[in-house]
Amino acid sequence: DLLDRHSVDWDHATSEELDRLNIRDETRRKKVIELFMAQEIKDPLDFHYAALIMQHGTISSDFKIAHEFAEHALSLGDETAKWLYAATLDRWLLSDGNAQRYGTQFKKNELGEWEQAQPIDPLVTDEERAIYDVPPLKNALEIYLKKYRANTTLLYSTLRLEDSSQNGRRALKL
């Protein structure tokens, strides 16, 4: 999922390319649900990867499941799921017409420029964001652009190798 999505040139992707990606995303989401129902998603890393895949859904219930998986990964000790917990909650809230809490979601405006999706809950502090590894709102767009414009293929290849080699742990393979 990660390598597939990061291979897309989001600034120049055609509607046909995005349609093909959406079909692959749907196939992955169906497989995650099958694995979950078969109780094959067991450890924190499995729940983390399952949350990432569900996060790329199209409807509110996909995002709700993504959030529940991220929350479970955290409860099982996956500290790397902190940002994912915040991001899945924000996407779920926005999909239901509510304000995002942490400011993790972005969209392109009418000029084709990236901006934070609105609304954002003004009662959530940057200190609370930091608990979930979310940057302060004033830096969020800059960090987002750096993160997603950089060449991420090496990063995700490295993460995948590390995850697969951890003392008997396995990556969720779809």
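The values are calculated or read from the model by the stated rules, or taken from the named source; none is laboratory data. Only a predicted model underlies this, so the values are computations on that prediction, with no experimental measurement involved. Using ideal geometry, Cβ is built from the backbone for each residue, glycine included, and neighbour counts are taken over all protein chains shown. Side chains included, ligands, DNA and RNA excluded: accessible areas come from the protein's heavy atoms. Shrake-Rupley method; radii C 1.70, N 1.55, O 1.52, S 1.80 Å.
For residue 173, the conditions (1) surrounded by fewer than 11 Cβ atoms within 10 Å (Cβ to Cβ); (2) within 20 Å of residue 51 (Cα to Cα); (3) at pLDDT 85 or above are fulfilled apart from (3).
Inside the stretch 1-47, residues that are touching a Lys or Arg at 6+ places or on another chain (Cβ under 7 Å), part of a helix (DSSP H, G or I) and modelled with pLDDT of 80 or more make up a count of 1. Which ones in the stretch 77-119 are outside any loop (DSSP other than H, G, I, E, B), in contact with a Leu (Cβ under 8 Å, 6 or more places away or on another chain) and surrounded by 20 or more Cβ atoms within 10 Å (Cβ to Cβ)? If the condition is that a residue be outside any loop (DSSP other than H, G, I, E, B), in contact with a Leu (Cβ under 8 Å, 6 or more places away or on another chain) and surrounded by 20 or more Cβ atoms within 10 Å (Cβ to Cβ), then 81, 84, 85, 100 are the ones that fit.
Has the stretch 131-154 got at least one residue that is part of a loop (DSSP other than H, G, I, E, B), at positive phi and at pLDDT below 95? Checked the stretch 131-154: no residue is part of a loop (DSSP other than H, G, I, E, B), at positive phi and at pLDDT below 95. Return yes or no: is residue 138 free of Cβ contacts under 8 Å to residues at least 24 places away in the same chain, under 26 Å from residue 28 (Cβ atoms) and over 16 Å from the mean Cα position of the chain (by Cα)? So residue 138 does not fit the description; no.
Scanning the stretch 61-76 for residues that are part of a helix (DSSP H, G or I) and aliphatic (A, V, I, L, M) yields 65, 66, 70, 73, 74.
Scan the stretch 20-45 for residues that are within 17 Å of residue 68 (Cα to Cα) and open to solvent by 90 Å² or more (accessible area, probe 1.4 Å) and the total you get is 5.
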